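To start, the structure under review is shown below, and the notes come after it.
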Amino acid sequence: MVDFSAKPVTLEQTLGTSLKSILIVDDEENTRLGLSKLLTQEGFHVDSAANGYDALNYLADHQVNLVISDINMPDMNGLSFLRELSQRFPNINVIMITAYGGVESYLEAMNLGAFEYLHKPVRLDELRSIMRKIFNGGSAVPQLS
């Protein structure tokens, strides 16, 4: 029998309490706010930065479990940011997102150590699936409703 009175389970609850913080790096304010809202509703602590320089400064003083970064940004683009991030903070998982990606940027991002590469607009179900893989080492987690 299904209990319809049960409260929805957040992604953080299915992954355990080890996941604490996500940093979103994107020059588009609407993307930062949208992803922040969705991931906060999932139970995560979310901060954001408008560019790669601000993100690197943030990471020098804060520990995060995951970075979600746009590729096309002014000043320091996402691939340059990923290159620097991989050198300074090699243990942080990174999901790259873009509205303008192609095969070349995909291959470069993956060669630089990105865990995954998504196209905008980011679908929450796809992001959840990738986050399960990152934080559970690829093991299966029950599907969220």
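Just so you know, all these numbers are worked out from the coordinates, no wet-lab data involved. Computed from a predicted structure; not experimentally measured. With ideal geometry, Cβ positions are generated from the backbone for all residues, glycine too; neighbour counts draw on all protein chains shown.
Multiplying the residue separation of ASP125 and GLU28 by 0.36 nm and removing their Cα-Cα distance gives an extension gain of 32.8 nm. Residue exposure proxy: GLU116, GLU42, ordered by other Cβ atoms within 10 angstrom of their Cβ from fewest to most, comes out as GLU116, GLU42. The smallest convex shape that holds all Cα atoms of the range 18-135, its convex hull, gives 93 Å³ per residue.
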